[in-house]
Every structure is written in structure tokens, then in C-alpha cells.
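Have a look at the structure below, then the notes.
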Amino acid sequence: MENAENLRNDLMTAIAGSDGTDALEAVRVSALGKKGSITQLMKSLGAMDPDARKEAGQAINALKGEVAGAIDARKAELEGAELDTRLMAEKIDVTLPVRPQWDGRIHPISQVIEEMTAIFCEMGFTVAEGPDIEEDWYNFTALNIPPEHPARQEHDTFYLPGEKDGHRKVLRTHTSPVQIHTMQDKEPPIRIIVPGRTYRCDYDATHSPMFHQIEGLVIDESTHMGHLKGCVIDFCRAMFQVDDLPARFRPSYFPFTEPSAELDIGCTRAGGEFRIGHGDDWLEILGCGMVNPKVLENCDIDSTRYQGFAFGMGVERIAMLKYGIPDLRTFFESDLRWLRHYGFSALDVPGMAGGLNR
Ligand code: PHE
């Protein structure tokens, strides 16, 4: 059986030397397969006499068992190693962010409110807020718009269902009721801006039932119309980043200011292209005026001692003008492609020092 001994050594070397499960399988077939070397040896038994056959048969069976055992052991070893390599390759760090690159954008309305706030805070204003659902008195009466006043009709008010006593709250039609809350709560001097949501029952390409305004209010003992003009003109120049932006005031009417005015800024529509700045055209940008003494008295502020100005403007309109957004309705459609195009990076925080539209 010298033959068998050599075969055993060869096979054991081949098994130990196979470097993968495929190579090992090839060794198995070469030994134990139909035409394998051990199978061949088995077949040769038939030609032997019974005694020799018995002896050789036992030896070959032992060899077969030994080789099969060695193959199984090596197979387990190789499979273990292959699994380890795969696990290493597929390793993931679950503490890493799900998406290494953020995809969020700041909505142009938020960005423009931030820009306006940066400008007014630089001038010394602080931010005030008030409720979206208002008492009629705050939205109208205290602002010198009594019941039956024609200005009420112009506001397309959303009324809430009536309370038990019959009176109905409203969705505020402008940010001006926050003037009243502030004057009730604080002693002058007052210098606030009020960014916030406002509501009117109107919907088309230039009107949305919910929109945003920013209100300004200054009350002290000496503020006059010159201060109002300087303040809103400076604001527009900073906002649109045109240092010599032309501006004009047109007489207007608001029940809560007297006198009242509207501010127009210069623009051009030459060659079909719209641009803010020099040109022969004017664009209405905000409403303003000196706070009506009646409004001060409604808030228990002595109108013989205190005076001041107020202004209000639409945020969407300014955003459309500054960033060339053609349709108001797109602001509220939550279209991600629109937001990727018109939105702002979360790290571009507007500021007077760093810029207003990076
Ligand atoms: N509240 C006015 C509006 O909604 C704007 C305004 C505010 C005008 C303050 C004058 C002073 O149209």
C-alpha cells in the first residue's frame, strides 16, 4: 500500500494548500469524485484475492475517511475566513450621518424676513410678535377702523365662527394689531418691527389667502416724518443694495396714520427686463405714516406728549422683486425643485456685515 501512503501525503498537502473553497472543491473531486483517485483505488479492489482485498479495503476506507474529514475541516476554516473578509468589506459605521451632504434649503420668505430683520436691528429695532387669531378690536377698532368703516370691506376678512355672546374673532388682516398690543404692554420709547403671517380672503396670481407682512412702529417724544422718510429709504437701499436708489412719497390714506403716504422706489422696465434702481418707472413698496393720535389714545398713551411713525409692507412682494420670482403662488406649493432653485443655503445667514444675499 505504498501507493496509498503517497496518495495520502499528496492529498493532505493539496487540502492544506488550497486557498479558497473553490480550490478545495477541486481537490475533493480529484480524490472522492466519480473518477477521483480514491474512488479509482476502491475500484481496483475487485481484482484482488479476498484476504488482500479485506486488508486493502480497510486501509482505503480509512484513507477515504481521513481525507473527507480533512476536507471538511479545511472547508470550515476557509468559509470562516471568507465570511470574515466579507464582513470587513461590508462594515458600515452606523454613527455616520445618513446623508453626508445635506439637502435642505431655507425658503425665500424666511430668508427675506431674516434680511429685513438684520437691517432693522442694525437701526435699533427689536422684533415683536402677536397672535394670528385676533379680536376684532385689535385688528380694526383700536386702529381707528370702527364698525361700518369702509376700510373693513377692503380687507376681505376671514371671520371665525361666533362665540356664545355673538362676537367673532378674525384672522388678522395685517400685522398692525401688534402695534396695539405693544403700546398697551410697553412704555415709550418703542421701536419694534413685526414680521408675521396675515390673512385675506383673496386668491390669484398676485394674492394668496395667507401671506406675510413686516410692520414697523416707533413711538417717542420727538420722532417726526423726516425720521420716517430716512428710515424707510435707508431700508430700501440696504435691502435692494442700490446706494442711490430713487424714492418718492405719495400721499395716501390709512385710518391708523395721519398723515399717510406710500413709498415708491425707482425701477426700469426697459427692453422687457425689470430692474430695481435707476429708470423712468416707479414701483410701490410700502405704506406708512405718522401714528394717528386716536390710536395712541386707544392704547392709553398721552398723544400730547408722544408721537411716532408706522409702516407696513408685504414680504412676498419684496422677495419676488429682489430674487426675480415671477408667481406668488409658487411660494406655498412646497415644490422641492422650486425650493432647490430659489432657496438658500442654511449657512448663508444674512447680516449687515456679511451681506444680505450671499
Ligand atoms: N397695515 C397696512 C396694510 O396692511 C400697512 C400699513 C402699516 C400702513 C403701517 C401704514 C402704517 O396695508
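The values are calculated or read from the model by the stated rules, or taken from the named source; none is laboratory data. Note that the structure is a prediction, hence the values are computed from the model and not measured. Neighbour counts are summed over all protein chains in view; Cβ atoms, including those assigned to glycine, are modelled from backbone coordinates with ideal geometry.
Looking at L41, L45, L83 in this structure, which one is over 30 Å from G216 (Cβ atoms), in contact with a Gly (Cβ under 6 Å, 6 or more places away or on another chain) and not assigned by TED's automatic domain parsing to the domain that holds V218?
Numbers: L41 fails: in contact with a Gly (Cβ under 6 Å, 6 or more places away or on another chain); L83 fails: in contact with a Gly (Cβ under 6 Å, 6 or more places away or on another chain).
Residue meeting the stated conditions: L45.
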- Message: Please count how many residues of the stretch 193-223 are assigned to a loop (DSSP other than H, G, I, E, B) and over 21 Å from D156 (Cα atoms).
- Response: 3
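Residue under question is E114, and the condition is that it be modelled with pLDDT of 95 or more and part of a helix (DSSP H, G or I); does it hold? Working first, answer last.
Numbers: modelled with pLDDT of 95 or more: yes; part of a helix (DSSP H, G or I): yes.
Yes: the conditions hold for E114.
Conditions tested, residue by residue: (1) surrounded by 14 or more Cβ atoms within 10 Å (Cβ to Cβ); (2) in contact (Cβ under 8 Å) with a residue 24 or more places away in the chain; (3) not in a loop (DSSP other than H, G, I, E, B).
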position: A4; (1), (2), (3): yes, yes, yes
position: N9; (1), (2), (3): no, no, yes
position: S44; (1), (2), (3): no, no, yes
position: R53; (1), (2), (3): yes, no, yes
position: K64; (1), (2), (3): yes, yes, yes
position: I71; (1), (2), (3): yes, yes, yes
position: A81; (1), (2), (3): no, no, yes
- Determine whether P251 is within 14 Å of the ligand (Cβ to nearest atom), loosely packed, with under 13 Cβ neighbours inside 10 Å and at pLDDT 95 or above. yes
- Task: Residues being part of a helix (DSSP H, G or I), away from the ligand (no atom under 11 Å from the Cβ) and among the charged types (D, E, K, R): count how many of those fall in the stretch 138-192.
- Result: 2
- Query: Taking interchain pairs and intrachain pairs at least six residues apart, which have beta carbon atoms under 7 angstrom, with the first residue in the stretch 239-258 and touching a residue at least 12 places away in the same chain (Cβ under 8 Å) and the second surrounded by fewer than 16 Cβ atoms within 10 Å (Cβ to Cβ) and in a strand (DSSP E or B)?
  - Reply: R248/W282
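Among the residues of the stretch 305-314, is there at least one that is closer than 25 Å to K229 by Cβ and either more than 16 Å from the ligand (Cβ to nearest atom) or out of contact with any strand residue (DSSP E or B) (no Cβ under 7 Å at 6 or more places or on another chain) (or both)?
yes
Per-residue answers, yes or no, for (1) in contact with a Leu (Cβ under 9 Å, 6 or more places away or on another chain); (2) within 19 Å of G230 (Cβ to Cβ); (3) buried (at least 16 other Cβ atoms within 10 Å of the Cβ); (4) of a type outside the set (K, R):
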site	(1), (2), (3), (4)
P255	yes, no, yes, yes
G289	yes, yes, yes, yes
N298	yes, no, yes, yes
Y323	no, no, no, yes
H341	no, no, no, yes
- Message: Being modelled with pLDDT of 95 or more, more than 13 Å from the ligand (Cβ to nearest atom) and over 21 Å from G124 (Cα atoms) is the filter here; which residues of the stretch 210-242 pass it?
- Response: M210
- Task: Residue by residue through the stretch 345-358, note down the ones that are surrounded by 11 or more Cβ atoms within 10 Å (Cβ to Cβ) and touching an Asp or Glu at 6+ places or on another chain (Cβ under 9 Å).
- Result: V349, P350, G351, M352, G355, L356, N357, R358
- So which residues in the stretch 1-24 are farther than 15 Å from V67 by Cβ and out of contact with any helix residue (DSSP H, G or I) (no Cβ under 7 Å at 6 or more places or on another chain), if there are any at all? E2, D19, D22, A23
- Residue in the stretch 315-335 that is farther than 19 Å from E114 by Cα, within 14 Å of the ligand (Cβ to nearest atom) and outside any loop (DSSP other than H, G, I, E, B) present: no
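Does the stretch 307-317 contain any residue that is modelled with pLDDT under 95, assigned by TED's automatic domain parsing to the domain that holds N139 and closer than 25 Å to R237 by Cβ? Reasoning before the result, please.
Just the residues of the stretch 307-317 that are modelled with pLDDT under 95, to begin with: 317.
Within this subset, residues satisfying the condition of being assigned by TED's automatic domain parsing to the domain that holds N139 are 317.
Checking the rest, the ones that are also closer than 25 Å to R237 by Cβ come to 317.
Yes, the stretch 307-317 contains a residue that is modelled with pLDDT under 95, assigned by TED's automatic domain parsing to the domain that holds N139 and closer than 25 Å to R237 by Cβ.
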- State the number of residues belonging to the stretch 266-287 that are within 23 Å of G216 (Cα to Cα) and either of a type in the set (S, T, Y) or surrounded by fewer than 19 Cβ atoms within 10 Å (Cβ to Cβ) (or both). 3
